[in-house]
1. Please give the number of the condition N142 fails out of (1) at pLDDT 85 or above; (2) surrounded by 15 or more Cβ atoms within 10 Å (Cβ to Cβ); (3) over 21 Å from the mean Cα position of the chain (by Cα).
2. Does S130 qualify as being surrounded by fewer than 19 Cβ atoms within 10 Å (Cβ to Cβ), modelled with pLDDT of 90 or more, part of a helix (DSSP H, G or I) and not aliphatic (A, V, I, L, M)?
3. Would you check which residues across the range 163-199 are closer than 14 Å to I68 by Cα and surrounded by fewer than 16 Cβ atoms within 10 Å (Cβ to Cβ) and list them?
4. Among the residues of the range 88-123, what is the count of those that are among the aliphatic types (A, V, I, L, M), more than 19 Å from Q168 (Cβ to Cβ) and part of a helix (DSSP H, G or I)?
5. Does G157 qualify as being crowded, with 20+ Cβ neighbours inside 10 Å and in a helix (DSSP H, G or I)?
6. Can you tell me which residues in the range 1-50 are farther than 28 Å from F69 by Cα, modelled with pLDDT of 85 or more and of a type in the set (A, V, I, L, M, F, W, C)?
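The values are calculated or read from the model by the stated rules, or taken from the named source; none is laboratory data. Worth saying up front: this structure is predicted, and the values here are computed from it rather than measured. Positions of Cβ are backbone-derived with ideal geometry, glycine not excepted, and every protein chain shown enters the neighbour counts.
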Amino acid sequence: MAGRFLKAFEPISRFIPEVKPPERRVRFTEKLLWTALALIIYLVMSEVPLYGIGLGGPQDSLLYYRVIFASSRGSLMELGIGPIVTAGLILQLLAGSGFIECDFSNPEDRALFTGASKVLSLVMTGAQASAYLISGLLGNLNPSQSVVVFMELMMAGLIVMLLDEMIQKGWGIGSGISLFIVAGVAQRIMLDCFSTFPAPGSDPMRYQGVIVALVYALANGRPLDNII
């Protein structure tokens, strides 16, 4: 039986939307469709800027962090999957070390654990969003902008959590977390190779994409040691 810790989250988890597992056998093509839909939603959210905040920028202190946690600067995916992963790791460590009681062979305990994980994910989303806003990482925002951005990040975190739950419960293929990480890495590779946007710096003819910069340098006789 689950301990008091997991049961304490039960009243709150009832108000959080959930994805029900399929009551029939889902065909492989249908799983591909739902997986592609989740991926498209993630990519669209990665390109939708937060209110009052532009996408990208000259410097990003969290660049390598974003690759790991499928985050996109200045967009709805600013936090990425970080809060979900953090919440899951905390509960897994507590359960594995015996600090909380949970019998994963018991369906009721598994349901309580899942509910607690969802509640803690939203708590971590709110905490991380607040830290970003208070620290000024998202820029100097006025109070009204901060409230709007906070709500946007909370809604985005909830959507990502539901997408991951949809895939894990049998509607999709694999894990939503892994899917978003792979999508973020693939997107970064494509941009770094084929982006036609100018690279930051004084030279307007330098391109962010390595392949584009290489082709331009070869075609115009420019030195190859400064293509990016």
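1. That leaves (2) as the condition not met.
2. Details: surrounded by fewer than 19 Cβ atoms within 10 Å (Cβ to Cβ): yes; modelled with pLDDT of 90 or more: yes; part of a helix (DSSP H, G or I): yes; not aliphatic (A, V, I, L, M): yes.
Yes, satisfied.
3. S178, V182, V185, A186, R188, I189
4. Residues of the range 88-123 that are among the aliphatic types (A, V, I, L, M), as a first pass: 89-91, 93-95, 100, 111-112, 116, 119-120, 122-123.
Checking which are more than 19 Å from Q168 (Cβ to Cβ) leaves us with 93-94, 100, 123.
If we keep only those that are part of a helix (DSSP H, G or I) as well, we get 93-94, 123.
The qualifying residues number 3.
5. Working: crowded, with 20+ Cβ neighbours inside 10 Å: yes; in a helix (DSSP H, G or I): yes.
So G157 passes the test.
6. The answer is V26, and nothing else.
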